[in-house]
Amino acid sequence: MTTESATSRTAQLGMSRGLTFLMALACGAVAANIYYAQPLVALIGPDVGLSANASSLVVTLTQIGYGVGLVVLVPLGDIFENRRLIMVTLAACMAALLSASVASNAGLFLATSLVIGLSSVVVQMLVPFAAHLAPEESRGQVVGNVMSGLLMGILLARPVASMTTDLLGWRAIFAISAGLMLVLAVTLRSVLPERKPSTSVPYLALLGSMGQLLVRTPILRRRAFYHAMLFGAFSLFWTAVPLILASPACGLSQGGIALFSLAAVLGAFVAPVAGRIADRGLTKPATGFAILTVVACFLLVFASGGHVVAALFVAALLLDVGISCNLVLGQRAIFSLGAEIRSRLNGLYMAIFFAGGAVGSAVASSVYASYGWAGIAWCGIAFPLLAGLYYLTELMPRRPAPAA
């Protein structure tokens, strides 16, 4: 199967549960690479020669690399044979992880951190590929199942990195992940069909077309704005909540904070459900539910005053339900716009909401320092309210077009 039509025939036959599970596993394993270093910064920095102030660059450069990859690598899925593109990107990820496991100086480790983030966008090549292989009537369900694997990878990355470091040292997690990337590459190479897009566009023209797609695709703009606002609220909450949990008001240890973060696991189970809802044509009401759920999260945060751990845990559950639901609804909507532009649409969608998340995490510390937990609550409510105001325009009846 080397043509678009051949892949369409594969989609008509459906996507097996085994292949769906494998792609979900791959997405989770690759996405975890972005987060392994976060709990280990205090150990990595001194070992590679980074000062305490500069150690956070490890995380920052990984995130920058991921953001750049969304724009410059993910769109290649619209013009290059998809399976080969995934294999090459996985190979680069494996090499960067191996380099991180043996890096002995700051420059090399920071450079490999950038490449780890850049190459980890392979997860956003796999998700559109799954959408290509899935039949139209169950595309949302398949995308939701694959995204559940990605969310589980993000959730488990930090505790797995911490436990592995306790047993084998911080370098071991990067070496183990490099081996896992090799296994995934070999396995995916043997089971994924070839998909050669029919579009033939020079690379620079491909990148240039992304701006045109953003201008000419109202659904993309709408869904990206919705999720940028909700993801901003998500990043704000999860950046600020460890501060209040570790404060005397709550008094949780680092182990307790790690257990608290398991609230995010519910989001992984919500993703397939959201996909099924979208397949039934209920995207619009489900979007309203997702936005209201995030608003409810921060209303509960405000009511608790930041002093009741149980209330914060319920708020975290509500937040992760809303975020996971809206993410899958958005991807299902944009993946229905056309196979020939699907990778570019996904890259734009992810890059825009990733920027929203960066804003949320950037303001969290200053808002908490200046206005306390009440400031976090009001700022958190503002994000989904902006999404809600835009959502109301979707509910307004459309005026009939004037006669020619």
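Per 0.36 nm of contour for each residue apart, how much would the distance between Leu262 and Ala369 grow if the chain were fully extended, relative to their Cα-Cα spacing?
Between Leu262 and Ala369, full extension yields 35.9 nm more.
When Phe354, Phe298 are compared by accessible area of protein heavy atoms, the largest-first order is Phe354, Phe298, using a 1.4 Å probe.
What do you reckon, how do Trp238, Trp378, Trp373 stack up by accessible area (1.4 Å probe), largest on top?
On the way: Trp238 55, Trp378 140, Trp373 20 Å².
Ranking Trp238, Trp378, Trp373 by accessible area, largest first, yields Trp378, Trp238, Trp373.
Working from label points 7 Å from Cα in the Cα-to-Cβ sense, the Leu395 to Ser51 distance is 5.3 nm. If you run the Gaussian network model on the chain, springs between alpha carbon atoms under 10 Å, then out of Ser365, Ser198, Ser247 the most flexible one is Ser247. Sketch the reach of a paramagnetic label on Glu194 as a point 7 Å from Cα along Cα-to-Cβ, and name the residues of the range 79-120 whose backbone nitrogen lies under 14 Å away. Backbone N within reach: 80-85. Please work out the FRET efficiency for the pair Ala91 and Ala355, using the Cβ-Cβ distance as r and a Förster radius of 35 Å; give the result to the nearest 0.05. Efficiency, from the Cβ-Cβ distance: 0.80. Within the full protein context, the accessible area of Arg171 is estimated at about 70 Å² for a probe radius of 1.4 Å. For Arg158, Arg216, the ranking by accessible surface with the largest value first comes to Arg216, Arg158, using a 1.4 Å probe. Annotation for the range 126-146 versus the range 361-391: alpha-carbon center distance of 33 Å. Residues in the range 333-342 carry Karplus couplings, in order, of 5, 6, 6, 8, 7, x, 5, 6, 10, 5 Hz; the curve used is 6.51 cos²θ - 1.76 cosθ + 1.60 with θ = phi - 60°, and Gly or Pro positions show x. Only DSSP H runs of four or more residues enter the estimate; each adds -39500 (n - 2.57), and after division by the residues of the chain the mean residue ellipticity at 222 nm equals -27000 deg cm²/dmol.
When Lys and Arg each count +1 and Asp and Glu each count -1, what net charge do the other residues less than 11 Å away from Ile277, Cβ to Cβ, add up to? Local charge sum for Ile277: +3. Net length available on complete extension from Ala205 to Ala249 is 10.3 nm, with 0.36 nm assigned per residue and the Cα-Cα distance removed. Computed extension length for Ala172-Leu214: 11.0 nm, one decimal, from 0.36 nm per residue of separation with the Cα-Cα distance subtracted.
In the range 197-299, what percent of the accessible surface is made up of carbon and sulfur (1.4 Å probe, ligands and nucleic acids excluded)? So the carbon and sulfur contribution to the accessible surface is 71 percent. Once you sort the root eigenvalues of the Cα gyration tensor of the range 146-238 as a ≥ b ≥ c, which label holds: rounded (a/c under 1.5), prolate (a/b larger than b/c) or oblate (the other case)? Verdict is oblate for the range 146-238.
With a cut-off of 15 Å, note down the residues of the range 226-252 whose backbone N falls inside the zone around a label point 7 Å from the Cα of Ala42 toward its beta carbon. Once the point is set 7 Å along Cα→Cβ of Ala42, 242-243, 246-247, 252 turn out to lie under 15 Å by backbone N, inside the range 226-252. Rolling a 1.4 angstrom probe over the protein heavy atoms with all chains in place gives the range 286-403 an accessible area of 42 Å² per residue.
The values are calculated or read from the model by the stated rules, or taken from the named source; none is laboratory data. Here the structure is a predicted model, which is why all the values come from computation and not from measurement. We place every Cβ from the backbone using ideal geometry, glycine too, and count neighbours over all the protein chains shown. Protein only, heavy atoms only, side chains kept; ligands, DNA and RNA dropped before computing areas. Shrake-Rupley method; radii C 1.70, N 1.55, O 1.52, S 1.80 Å.
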